[in-house]
1. Looking at A40 and the list (1) more than 21 Å from Q2 (Cβ to Cβ); (2) within 11 Å of the chain's Cα centre (by Cα), which single condition is not satisfied?
2. For the range 10-41, enumerate the residues that are open to solvent by less than 50 Å² (accessible area, probe 1.4 Å), farther than 19 Å from A103 by Cα, modelled with pLDDT under 95 and assigned to a loop (DSSP other than H, G, I, E, B).
Amino acid sequence: VQLQAFGGGLVQAGDSLRLSCAASFRRAGFTYAIGWFRRAPGKEREFVAAIMWSGARATYADSVEGRFSISRDNAGNTVYLQMDNLKTEDTAVYYCAAGPGWAMTVERGYNYWGQGTLVTVSS
């Protein structure tokens, strides 16, 4: 599994941004969950949102519930993280990861990680 996250940038508080995670699977029909995590400056990496590859189940961290939305592009192998009403505390490097789906909200539930994309929210 190869993952590539992109779409980060510099925005102002209240703005929206959409991150993308392009996933490639070596085995057709592979079932995975895709998760987004983030690491803010000086903090531990934390869970943001995750979705099963089927799109049937999505889960969010309390801090982003109602502002962020995770979805999957059925036409391709891309998972999106739509981030609305961004706050300065959303500033972080965002990572996407793939795992079997048995532990979607913790890092140990993921086997594969992409490189991060930086999101900076200014006040």
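1. The number of the failed condition is (2).
2. F25 - this is the single residue of the range 10-41 that is open to solvent by less than 50 Å² (accessible area, probe 1.4 Å), farther than 19 Å from A103 by Cα, modelled with pLDDT under 95 and assigned to a loop (DSSP other than H, G, I, E, B).
The values are calculated or read from the model by the stated rules, or taken from the named source; none is laboratory data. Only a predicted model underlies this, so the values are computations on that prediction, with no experimental measurement involved. In this analysis, Cβ positions are derived from the backbone assuming ideal geometry, glycine residues included, and neighbour counts consider all displayed protein chains. Side chains included, ligands, DNA and RNA excluded: accessible areas come from the protein's heavy atoms. Shrake-Rupley method; radii C 1.70, N 1.55, O 1.52, S 1.80 Å.
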